[in-house]
1. In the list Asp67, Asp22, which residue meets the criterion of being modelled with pLDDT under 95, among the acidic types (Asp, Glu), surrounded by 10 or more Cβ atoms within 10 Å (Cβ to Cβ) and out of contact with any Gly (no Cβ under 7 Å at 6 or more places or on another chain)?
2. Would you mention how many residues in the stretch 61-77 are hydroxyl-bearing (Ser, Thr, Tyr) and over 18 Å from Ile30 (Cβ atoms)?
3. Any idea which residue in the stretch 1-19 is farthest from the chain's Cα centre (by Cα), counting only those that are surrounded by 12 or more Cβ atoms within 10 Å (Cβ to Cβ) and hydrophobic (A, V, I, L, M, F, W, C)?
4. List pairs: first in the stretch 36-51 and at positive phi and crowded, with 18+ Cβ neighbours inside 10 Å, second aromatic (Phe, Trp, Tyr) and in a loop (DSSP other than H, G, I, E, B), Cβ under 7 Å, 6+ apart or cross-chain?
5. Against the condition modelled with pLDDT under 90 and of a type in the set (A, V, I, L, M, F, W, C), how does Ile72 come out, does it pass?
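The values are calculated or read from the model by the stated rules, or taken from the named source; none is laboratory data. Note that this is a predicted model, so its numbers are computed, not measured. Heads up, the Cβs are rebuilt from the backbone with ideal geometry, glycines too, and the neighbour counts pull from every protein chain shown.
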Amino acid sequence: MCQETDVKLEYNYDDGIRKLADTLYKSDVIEQTTLSSLKTLSSIRNDCAHANQTAPNEHKVKRLIEDTDDYIRGRGI
């Protein structure tokens, strides 16, 4: 989305989901609701990617997959 918008954005290709979402929000590309949803998905993703003592919550992982698919396909989150 950062690459596709008509707005000139300052970001690095190694920025994480949360930082990219903040960049899009501050540039008025996405709204607060989308920002909040992306931050939630980012947290779930971090739980999955980084070692914790407990396994990621199955319901949250399903939400991550489904909401990400919806967002990528333009159905919103």
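1. Asp67
2. Qualifying residue count for the region: 0.
3. Leu9
4. Cβ pairs passing all conditions: none.
5. For Ile72, the condition - modelled with pLDDT under 90 and of a type in the set (A, V, I, L, M, F, W, C) - is met.
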